[in-house]
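Have a look at the structure below before the remarks.
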Amino acid sequence: MTPVTDEQIAEQIAYYSSRAPEYEDWWHRRGVFDKGPEVNARWEAEAAQALAALTSLDLGSDALEVAPGTGTWTVHVAPRVARLTLVDGSQAMLDLNPVAAREDVRTVVADIFAWDTEERFDSVVFTFWISHVPRERLDAFFAGVARWLRPGGRVFFVDDAPVAATESHVAGTAGQTMVRRLQDGREATIVKNFYRPDELRAAADAAGIDLDVRSTPTYFQYATGVRRTEPD
Ligand SMILES: C[S@@+](CC[C@H](N)C(=O)[O-])C[C@H]1O[C@@H](n2cnc3c(N)ncnc32)[C@H](O)[C@@H]1O
């Protein structure tokens, strides 16, 4: 598998900045993503299943959300914690995140692969992010998540199932990259990996995180996890 370069990561962030105004059409099943009431209802029911897993998790009082984007999941995290830190590479995505505008929420614009902190959190959340992590950076990413968590801290993530590769904004796939088309016809290459549960569990385990990975029938993969308390 060809490794992803820093230039490709920069292209991925730029793509999301360009996509920001139209991003939520995907989540809310509008325009080209509208598959009709029956299929849309199935999407929403499966999204509710993943959300229930987040809701049942004790996020503690101090949470870090990686790649929160426009905040479709941040709005579910924010009311449940006292302190929230958001780190995303795209200012344009964060500009549309209603929680990022709050003065009591810390917002950082940074490439997550170049970002670090001495702070420790009770929980780390990332939604529709793990599929954008290059394979050769997966172990290091989970090592970061484990480092950012206090022992006993919780992880939640949700992402696409492989069926997402059939959406009409996908113009092609090659290895761990995917070409995406914007509404105005511009194209960009991003990272898109559909990790198997055992791959995710192994990377998390190596970092000291016990992960429980589940799937909804068609659309999503989601996971909850806990940072082990014993030294590795
Ligand atoms: C698919 S969107 C997910 C947004 C949001 N979490 C959601 O569930 O809708 C991916 C997000 O990752 C951000 N992103 C992409 N590459 C990044 C990087 N290297 N560092 C930080 N953020 C990045 C994008 O700006 C975008 O907000």
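The values are calculated or read from the model by the stated rules, or taken from the named source; none is laboratory data. None of the values given here were measured: they were computed from a predicted structure. Ideal geometry is used to build each Cβ from the backbone, glycine not excepted, and the neighbour counts take in all protein chains shown. Areas reflect the complete protein model, heavy atoms only, side chains present, ligands, DNA and RNA absent. Shrake-Rupley method; radii C 1.70, N 1.55, O 1.52, S 1.80 Å.
Of note:
- The range 6-227: C-alpha gyration tensor shape, a/c 1.5 cut-off, then a/b vs b/c: rounded
- Using the Stokes-Einstein relation with a Kirkwood hydrodynamic radius computed over Cα pairs, the translational diffusion coefficient of the range 68-114 at 4 °C and a viscosity of 1.567 mPa s comes to 122 µm²/s.
- Pairs of Cα atoms farther than 18 Å apart, the range 136-221, %: 53
- Euclidean distance between Cα centres, the range 171-232 to the range 66-120, Å: 19
- Residues in the range 6-227 average 43 Å² of solvent-accessible surface per residue, probe 1.4 Å, ligands and nucleic acids excluded.
- Between the helical axis of 6-19 and the longest alpha-carbon principal axis of the chain there is an angle of about 60 degrees.
- Highest mobility in the GNM of the chain, judged by mean-square fluctuation with C-alpha springs under 10 Å and restricted to Val109, Val191, Val155, is found for Val109.
- Think of the chain as having a plus end and a minus end, set by charges on the Cβ of Lys, Arg, Asp and Glu; of Ala143, Ala63, Val163, Val163 sits farthest toward the positive end of this dipole.
- What a 1.4 Å probe finds exposed on the range 38-187 is 51% carbon and sulfur by accessible area, rounded to a whole percent.
- Area of Glu44 that stays accessible when all protein chains are in place (1.4 Å probe, Å², to 10): 110
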